[in-house]
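Inspection log for the structure reproduced underneath, given as structure tokens.
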Amino acid sequence: MKQRKLIVGNWKMNPESKDEARKIASDVKRAMKNIRKTNVVICPPFVYLSPLSGVSKGNLFLGAQNANAERLGALTGEVSFSELYQFNVRFVILGHSERRKMGETDEIINKKIKSVVSSGLNAIVCVGESVRDRNGDYFGFIRSQIHSALKDVNRKFLDRIIIAYEPLWAIGAKEAMQPRDLLETSIFIRKVLKDSYGSLSESIQILYGGAVDKINCAQLIEEGNVSGFLVGRESLRPKDFIEIIKIADQI
Ligand code: PEP
């Protein structure tokens, strides 16, 4: 089964003003008129979700970069998935290495994933090794990150799970991973999912993230066997982000 492409833009803690955020979102929205086979998600900081809630339409979606697993409560400074849902948020990035560095454990990530999917949203689950050792121990690391993230997730919600493979050494780097190495890893991830869920795992999309740009994106999709990307820096440059979307859409 050929999956629709999925391109996710992670804006992180950018841009500095609401006007800039509006401009990026409206440029992307305009470009989506000619995009047929690709879904796009933009994930701005929380405070821009409300002013941008109107951009989600057709194959353009809004995503968040985090949320709390609880529905509501005395949790100062936190936001819940059901609160996000009301602002048209349909995707949430979870397990990003930057949040893991801030102290998010596998257990917290797993709790959030279960909460996201049961709230009717889609979870973009980031996994990836920090180094590629010669013995290939990183394969075991990726497998265990996937197993912990998806532990006890109800199988009926598997189609709301997206795995974003992001090797930490490629995030924010000058160069992306080599497509042949990506192919090896995406085949491995597909096998890990299949071993756990059989044919049900086929609905889970696998994305790649790490220094994706308009130059390397075609080869990464074509040779890396992924169905899209999680894009950092380039998602804040609308021209380049749109170019990535257009290229992916033509493959
Ligand atoms: C990221 O932070 O998830 C990421 C992929 O960043 P960049 O595209 O800038 O490498």
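The values are calculated or read from the model by the stated rules, or taken from the named source; none is laboratory data. Note that the coordinates shown come from a computational prediction; the quantities given were computed from them, not determined experimentally. Quick reminder, even Gly has a Cβ in these numbers, built from the backbone with ideal geometry, and neighbours come from all protein chains shown. Ligands, DNA and RNA are stripped out before the accessible areas are found, and what is left, the full protein with its side chains, is counted by its heavy atoms. Shrake-Rupley method; radii C 1.70, N 1.55, O 1.52, S 1.80 Å.
For this structure, a couple of remarks:
- Residue match in region 216-235 (condition: within 13 Å of the ligand (Cβ to nearest atom), at pLDDT 95 or above and at positive phi): yes
- Given (1) surrounded by 17 or more Cβ atoms within 10 Å (Cβ to Cβ); (2) on the phi > 0 side of the Ramachandran plot; (3) away from the ligand (no atom under 16 Å from the Cβ); (4) not aliphatic (A, V, I, L, M), index of the condition ARG143 fails: (2)
- Considering region 104-120, the residues that are among the polar types (S, T, N, Q) and outside any loop (DSSP other than H, G, I, E, B) include one that is nearest to the ligand (Cβ to nearest atom), namely ASN110.
- So ASP133, is it surrounded by fewer than 17 Cβ atoms within 10 Å (Cβ to Cβ) and outside any helix (DSSP H, G or I): yes
- Considered as a group, the residues in region 51-103 that are assigned to a loop (DSSP other than H, G, I, E, B) and charged (D, E, K, R) include one that is surrounded by the fewest Cβ atoms within 10 Å (Cβ to Cβ), and that residue is ARG71.
- Qualifying residue in region 159-177 (condition: free of Cβ contacts under 8 Å to residues at least 12 places away in the same chain, more than 24 Å from LYS112 (Cβ to Cβ) and out of contact with any helix residue (DSSP H, G or I) (no Cβ under 6 Å at 6 or more places or on another chain)): no
- Of all the criteria given as (1) at pLDDT below 95; (2) surrounded by 17 or more Cβ atoms within 10 Å (Cβ to Cβ), the one not satisfied by ILE251 is (2).
To keep it simple, each residue is scored yes or no on (1) within 27 Å of SER26 (Cβ to Cβ); (2) among the aliphatic types (A, V, I, L, M); (3) at pLDDT 95 or above.
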position: LEU52; (1), (2), (3): yes, yes, yes
position: GLY63; (1), (2), (3): yes, no, yes
position: GLY95; (1), (2), (3): no, no, yes
position: GLU107; (1), (2), (3): no, no, yes
position: LYS114; (1), (2), (3): no, no, yes
position: VAL125; (1), (2), (3): no, yes, yes
position: ASP133; (1), (2), (3): no, no, no
position: PHE141; (1), (2), (3): no, no, yes
position: ILE146; (1), (2), (3): no, yes, yes
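- All of (1) in contact with a helix residue (DSSP H, G or I) (Cβ under 6 Å, 6 or more places away or on another chain); (2) assigned to a helix (DSSP H, G or I); (3) among the small types (Gly, Ala, Ser) hold for GLY9 with one exception: (2).
- Filtering region 7-24 to residues that are in contact with a Gly (Cβ under 9 Å, 6 or more places away or on another chain) and either open to solvent by less than 20 Å² (accessible area, probe 1.4 Å) or farther than 22 Å from GLY172 by Cα (or both) leaves ILE7, VAL8, GLY9, ASN10, TRP11, ILE24.
- Positions within region 114-130 being buried (at least 17 other Cβ atoms within 10 Å of the Cβ) and under 20 Å from ILE171 (Cβ atoms), in sequence order: ALA123, ILE124, VAL125, CYS126, VAL127, GLY128, GLU129
- The residue of region 163-215 that is farthest from the ligand (Cβ to nearest atom), among those that are open to solvent by less than 10 Å² (accessible area, probe 1.4 Å) and of a type in the set (Gly, Ala, Ser), is SER201.
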